[in-house]
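Enquirer: Please find one structure pasted underneath; my questions will follow.
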Amino acid sequence: MKSILITGGAGFIGSHVVRLFVNLYSDYHIYNLDLLTYAGNLENLKDIESFPNYTFLKGDITDAAFIDAIFKKYQFDAVIHLAAESHVDRSIMDPAAFVKTNVLGTLNLLNASRSIWSNFENKRFYHISTDEVYGTLGEEGYFTENTNYDPRSPYSASKASSDHLVRSFYHTYQLPVLISNCSNNYGPYQFPEKLIPLIIHNIKHNKPLPVYGKGENIRDWLWVGDHVNAIDIIFHRGIIGETYNIGGSNEWKNIDLVEKLCDITDAALQRKAGSSRNLIHFVKDRAGHDLRYAIDSAKLQNTLGWKASMNFEEGLKQTVAWYLNHETWLSHIMDGSYTAYYDSQYSKRG
Ligand code: NAD
Ligand code: DAU
């Protein structure tokens, strides 16, 4: 049985990765290591928490001694590293937290892999990263794997730094690494500070819909399930040392997306068509707000055969329906009670 460490598995994308791997690979034991920061929510994984090939480990990737200890104890064959501080607005408020988790945390995992793996045969260190490391685009062009790094927020600077560290361990120590850089994900279990779940929640509760600046910034949206399929493919078939870009070829201006969400949510709630658009409020722009992200994922498509499968209209409808049907999940986040789930369910398990 292979022993796989997934970090950040209680977060948005990580919980989808954990669920897929636990369900698909009964010959893998999946260890989900997560600190359960505000963004970690074990309610995301209720459906698989009792599976025999799944273990949750509460811990901090910035604690080097703890990381070394779990590497020795569980003898991981591979790491899929998602744990991070992930929200750009928070990075503007508190850059140091992002450097600590995203840079030092990644370094601790690299150091432990390098020192505890006696040889690197059949080992893999897969680092999950973001398209934001490439900076911002003007009206034309796409990010490829050869685009120069030009991070412009404390979040993207910390992710860029972690990417560089991962590559440096490949070149210096031949640690078998893989990196992927993905565009904006959407779908179930996304923390409602991010644009799409925030807007759906606010529409439902008739609250203002904050659109930064003029709403003209563009993001390339990808269904989280398509990202997770790419992670599965790259983990199993990616070439060691390589980087793969993952994107939806699905660019939307923020204001157009928010209006679309109003229309889909109004229809789902059987409200008068267009009524929620009145809630849109243009607010102060995000500092250093990157204008446009757009990914060229030709390398991943042509060399490993990945393709996004979710149609955006359908993905948004499913996302709206999921948030409207998961009022309890959302209310536990809003009243803070989701943070008690670990103590109520896991402390008795030891
Ligand atoms: P998220 O914020 O939803 O989840 C992050 C998880 O990491 C949480 O469960 C949190 O508790 C955990 N964590 C934070 N600090 C930790 C620490 N010190 N030790 C252990 N665990 C810790 O993030 P997400 O949106 O799921 O993103 C996951 C990864 O994918 C991140 O590395 C992010 O940079 C990358 N990414 C995200 C997107 C996106 O659109 N969300 C796109 C591309 C790449
Ligand atoms: O591109 C990948 C990145 O996508 C990931 O690496 C990040 O972890 C993830 O958070 C996301 O970053 P963004 O900053 O693009 O996502 P966010 O949902 O915060 O914002 C999307 C766009 O919407 C962005 O242009 C800012 C804007 N926005 C956001 C919020 C929260 C608003 O206009 N109003 C809002 O209230």
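The values are calculated or read from the model by the stated rules, or taken from the named source; none is laboratory data. Computed from a predicted model, the values in this text were never measured in an experiment. Cβ atoms come from the backbone with ideal geometry, glycine included; neighbour counts cover every protein chain shown. Please note that ligands, DNA and RNA were not included when accessible areas were found on the heavy atoms of the full protein model with its side chains. Shrake-Rupley method; radii C 1.70, N 1.55, O 1.52, S 1.80 Å.
Enquirer: Do the conditions hold for Ile280, that is, is it under 23 Å from the mean Cα position of the chain (by Cα), on the phi < 0 side of the Ramachandran plot and modelled with pLDDT of 95 or more?
Expert: No, not satisfied.
Enquirer: Which condition does Ser249 not pass, out of (1) open to solvent by less than 70 Å² (accessible area, probe 1.4 Å); (2) of a type outside the set (D, E, K, R); (3) within 16 Å of ligand 1 (Cβ to nearest atom), if it passes all the others?
Expert: Of the numbered conditions (1) open to solvent by less than 70 Å² (accessible area, probe 1.4 Å); (2) of a type outside the set (D, E, K, R); (3) within 16 Å of ligand 1 (Cβ to nearest atom), the odd one out for Ser249 is (1).
Conditions (1) in contact with a Pro (Cβ under 8 Å, 6 or more places away or on another chain); (2) open to solvent by 10 Å² or more (accessible area, probe 1.4 Å); (3) farther than 17 Å from Phe66 by Cβ, marked per residue:
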{"site": "Met1", "(1), (2), (3)": "no, yes, yes"}
{"site": "Val18", "(1), (2), (3)": "no, no, yes"}
{"site": "Phe21", "(1), (2), (3)": "no, no, yes"}
{"site": "Leu24", "(1), (2), (3)": "no, yes, yes"}
{"site": "Asp27", "(1), (2), (3)": "no, yes, yes"}
{"site": "Asp34", "(1), (2), (3)": "no, yes, no"}
{"site": "Ala39", "(1), (2), (3)": "no, yes, yes"}
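Enquirer: In addition: Is region 19-29 home to any residue that is closer than 26 Å to Ile116 by Cα, assigned to a strand (DSSP E or B), without any contact (Cβ under 8 Å) to a residue 40 or more places away in the chain and among the polar types (S, T, N, Q)?
Expert: No: zero hits.
Enquirer: Does Gly11 satisfy the condition of being closer than 19 Å to Ser156 by Cα and either away from ligand 2 (no atom under 16 Å from the Cβ) or touching a residue at least 24 places away in the same chain (Cβ under 8 Å) (or both)?
Expert: yes
Enquirer: When region 127-186 is examined, which residues are found to be open to solvent by 40 Å² or more (accessible area, probe 1.4 Å), within 13 Å of ligand 1 (Cβ to nearest atom) and within 21 Å of Gly248 (Cα to Cα)?
Expert: Scanning region 127-186 gives a single hit, Pro151.
Enquirer: Taking Thr7 as meeting all but one of (1) under 26 Å from Pro151 (Cα atoms); (2) touching a strand residue (DSSP E or B) at 6+ places or on another chain (Cβ under 8 Å); (3) away from ligand 1 (no atom under 15 Å from the Cβ), write down the number of the exception.
Expert: Every condition holds for Thr7 apart from (3).
Enquirer: May I pose another question? Considering only residues that are within 15 Å of the chain's Cα centre (by Cα), under 19 Å from Ile234 (Cα atoms) and either away from ligand 2 (no atom under 12 Å from the Cβ) or not hydroxyl-bearing (Ser, Thr, Tyr) (or both), which ones fall in region 164-192?
Expert: Matches in region 164-192: Ile179, Asn181, Cys182, Asn184, Asn185.
One line per residue, one yes/no per condition, for (1) of a type outside the set (Asp, Glu); (2) within 23 Å of His236 (Cα to Cα); (3) within 12 Å of ligand 1 (Cβ to nearest atom); (4) in contact with a Phe, Trp or Tyr (Cβ under 8 Å, 6 or more places away or on another chain):
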position	(1), (2), (3), (4)
Thr37	yes, no, yes, no
Asn53	yes, yes, no, yes
Leu57	yes, no, yes, yes
Ile61	yes, no, yes, no
Lys72	yes, no, no, no
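Enquirer: Can you name the residue in region 275-308 that is touching a helix residue (DSSP H, G or I) at 6+ places or on another chain (Cβ under 7 Å), outside any helix (DSSP H, G or I) and among the hydrophobic types (A, V, I, L, M, F, W, C) and, of all such residues, is farthest from Arg237 (Cα to Cα)?
Expert: Within region 275-308, the match that is farthest from Arg237 (Cα to Cα) is Ile280.
Enquirer: In region 233-258, which residues are in contact with a helix residue (DSSP H, G or I) (Cβ under 6 Å, 6 or more places away or on another chain) and assigned to a helix (DSSP H, G or I)?
Expert: Ile233, Arg237, Val258, listed by residue number.
Enquirer: Next up: Out of the residues in region 270-293 that are open to solvent by 60 Å² or more (accessible area, probe 1.4 Å) and in contact with a Ser or Thr (Cβ under 9 Å, 6 or more places away or on another chain), state the one that is nearest to ligand 1 (Cβ to nearest atom).
Expert: Leu291
Enquirer: Let me ask another. Working only within region 295-336, note down all residues that are under 20 Å from Asn202 (Cα atoms), of a type in the set (Ser, Thr, Tyr) and open to solvent by less than 60 Å² (accessible area, probe 1.4 Å).
Expert: Once the filter is applied, which keeps residues that are under 20 Å from Asn202 (Cα atoms), of a type in the set (Ser, Thr, Tyr) and open to solvent by less than 60 Å² (accessible area, probe 1.4 Å), region 295-336 yields Thr319, Tyr323, Ser331.
Enquirer: Restricting to helices (runs of 4 or more DSSP H) lying wholly in region 54-111: which have 1 or more residues that are more than 16 Å from ligand 2 (Cβ to nearest atom)? I'd like the intermediate steps shown before the answer.
Expert: On the way: elements: 64-74, 88-93, 95-98.
Answer list for region 54-111: 64-74, 95-98.
Enquirer: If we scan region 229-238, do we find a residue that is touching a strand residue (DSSP E or B) at 6+ places or on another chain (Cβ under 8 Å) and under 24 Å from Pro197 (Cα atoms)?
Expert: First pass over region 229-238, keeping only residues touching a strand residue (DSSP E or B) at 6+ places or on another chain (Cβ under 8 Å): 230-231, 234-235, 238.
This time we only want the ones that are under 24 Å from Pro197 (Cα atoms), so: 230-231.
Yes.
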